[in-house]
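The values are calculated or read from the model by the stated rules, or taken from the named source; none is laboratory data. All of these numbers come straight from a predicted model, not from anything done at the bench. FYI the Cβ positions are ideal-geometry reconstructions off the backbone, even for glycines, and counts take in every protein chain you see. With ligands, DNA and RNA removed, areas are computed over all heavy atoms of the protein, side chains included. Shrake-Rupley method; radii C 1.70, N 1.55, O 1.52, S 1.80 Å.
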Amino acid sequence: MTIMKMKFPLQRRVHLAQGLWLLSWLAVMSGAFIFCLGVYLKTELLRRAEVMDNTEIHVVPNILMLVGLASIGTNWFAGRVCQDSLDPARFPRWKPFLMPWFGVAVLLCMLLITAVVLSYALQGSLEESLKVGLRNGIRFYRDTDVPGRCFQKETIDRLQMQLRCCGNNNHRDWFEVQWISNRYLDFTSKEVKDRVRSNVDSRYLVDGVPFSCCNPASPRPCLQYHLLDNNAHYNYEHQSEELNLYKRGCREALVSYYMELMNIIGPGVLSVIFMQISVFVSLRYLQTAVEAAMALENPEEETEGFLLEKDVKETIEDVKAYFLNLLKLGQVSGEEPAAEDATEKGDAPAASS
């Protein structure tokens, strides 16, 4: 039982081939678009690699880049088939490649859907990765002389200024770490000595933040130090006034930034999926209609095109049998040389006797 049959006179087959040719080249450009989206997302993730603890989220841009390149190739192939579909001398050469092409097209659509699902499913993993990465970045902020961490301070400062954020959760995260390097501390000063001695780990902790936490839009000049001391600044109440610092933590800012990217990429990828499905369905109709026309004595007669020659269950069984047959052929071809060697070894004694 064929599924979704349609009548295709010659003129309609011509229009289908022309329309599909145009659609396939649009799909080629959409494949390039998907690849560029993957490259852009990969670049944005690499830019923040120093404040990320793992790279699980990189699977999304990797899939987008892979599918984008594969989509360019498969849709270029569809365009070539459309060009030769109405030529009885040239179309038959494409027939052996059409069934594998349909399999690749289905796989690409599944991978694109997977990328969209993962982009939202991995939000928790992204947030945890940023939480640990930012915590380490803040802890190593002062290590400007340590190999491998020389640019940590610059990275954190740029991040806080660009995303208008402060700390991991908020500005109080800076109170828990020594973010000022020892080389810039005067250990002959009584204040410095007292702060170091009062701490179990002999760290110099202050109720202050780096300059990059200061909000330039604040009406008040930046207050970096003594943020918990109301008497250290004129007309200041630390429990109610935080106008001169960014209130949002950098983890929240980065998660929001990446999820905004995902919200832009998601609809774009879904539109490409619909376009890929349109190419798939149109090429299937064109293939079956043209093959039926070539089987007739008069190729210009009206023919039928369909999506599935049998129902879904029988089609799945046929596809399964097709791939199992391919596997058996591969095993047989791999075993034949061994069988020939055994035959030769068996003939050797007979020849000597």
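Checking Gly167 against (1) open to solvent by 90 Å² or more (accessible area, probe 1.4 Å); (2) at positive phi, which test does it fail? The single condition Gly167 does not satisfy is (1). Tell me, yes or no, whether region 130-140 has at least one residue that is open to solvent by less than 70 Å² (accessible area, probe 1.4 Å), charged (D, E, K, R) and at pLDDT 90 or above. There is no residue in region 130-140 that is open to solvent by less than 70 Å² (accessible area, probe 1.4 Å), charged (D, E, K, R) and at pLDDT 90 or above. Within region 1-25, if we keep just the residues that are open to solvent by less than 60 Å² (accessible area, probe 1.4 Å) and not in a helix (DSSP H, G or I), the residue that is nearest to Ala70 (Cα to Cα) turns out to be Ile3.
Among the residues making up region 29-65, those that are out of contact with any helix residue (DSSP H, G or I) (no Cβ under 7 Å at 6 or more places or on another chain), among the hydrophobic types (A, V, I, L, M, F, W, C) and over 16 Å from Val116 (Cα atoms) are Met29, Leu46, Ala49.
Comparison of Val28, Val59 shows that the only residue that is closer than 30 Å to Glu291 by Cα and surrounded by 14 or more Cβ atoms within 10 Å (Cβ to Cβ) is Val28.
Within region 74-101, no residue that is among the small types (Gly, Ala, Ser) sits with its Cβ atom under 9 Å from a residue that is in a loop (DSSP other than H, G, I, E, B) at 6+ positions apart or across chains. Going through (1) aliphatic (A, V, I, L, M); (2) over 21 Å from Met275 (Cα atoms); (3) touching a helix residue (DSSP H, G or I) at 6+ places or on another chain (Cβ under 8 Å); (4) in a helix (DSSP H, G or I) one by one, Leu86 falls short only on (4). Each residue in region 225-260 was checked for being open to solvent by 20 Å² or more (accessible area, probe 1.4 Å) and either closer than 30 Å to Leu23 by Cα or not hydroxyl-bearing (Ser, Thr, Tyr) (or both), and 20 of them qualify. Among the residues of region 43-53, write down those that are open to solvent by 50 Å² or more (accessible area, probe 1.4 Å) and either touching a strand residue (DSSP E or B) at 6+ places or on another chain (Cβ under 7 Å) or more than 13 Å from Asn136 (Cα to Cα) (or both). Answer for region 43-53, where residues must be open to solvent by 50 Å² or more (accessible area, probe 1.4 Å) and either touching a strand residue (DSSP E or B) at 6+ places or on another chain (Cβ under 7 Å) or more than 13 Å from Asn136 (Cα to Cα) (or both): Thr43, Leu46, Arg47.
Does region 189-196 include one or more residues that are out of contact with any Leu (no Cβ under 6 Å at 6 or more places or on another chain), modelled with pLDDT under 90, surrounded by 16 or more Cβ atoms within 10 Å (Cβ to Cβ) and of a type outside the set (D, E, K, R)? For region 189-196, residues out of contact with any Leu (no Cβ under 6 Å at 6 or more places or on another chain), modelled with pLDDT under 90, surrounded by 16 or more Cβ atoms within 10 Å (Cβ to Cβ) and of a type outside the set (D, E, K, R): present. Number of residues in region 262-310 that are in contact (Cβ under 8 Å) with a residue 40 or more places away in the chain and part of a loop (DSSP other than H, G, I, E, B): the value is 8. Each residue in region 236-286 was checked for being at pLDDT 85 or above and either acidic (Asp, Glu) or at positive phi (or both), and 2 pass.
Condition check for Val116 on (1) open to solvent by 30 Å² or more (accessible area, probe 1.4 Å); (2) in a helix (DSSP H, G or I): one failure, at (1). Among the conditions (1) open to solvent by less than 60 Å² (accessible area, probe 1.4 Å); (2) assigned to a loop (DSSP other than H, G, I, E, B); (3) in contact with a helix residue (DSSP H, G or I) (Cβ under 9 Å, 6 or more places away or on another chain); (4) closer than 25 Å to Leu16 by Cα, the only one that Trp94 does not satisfy is (2).
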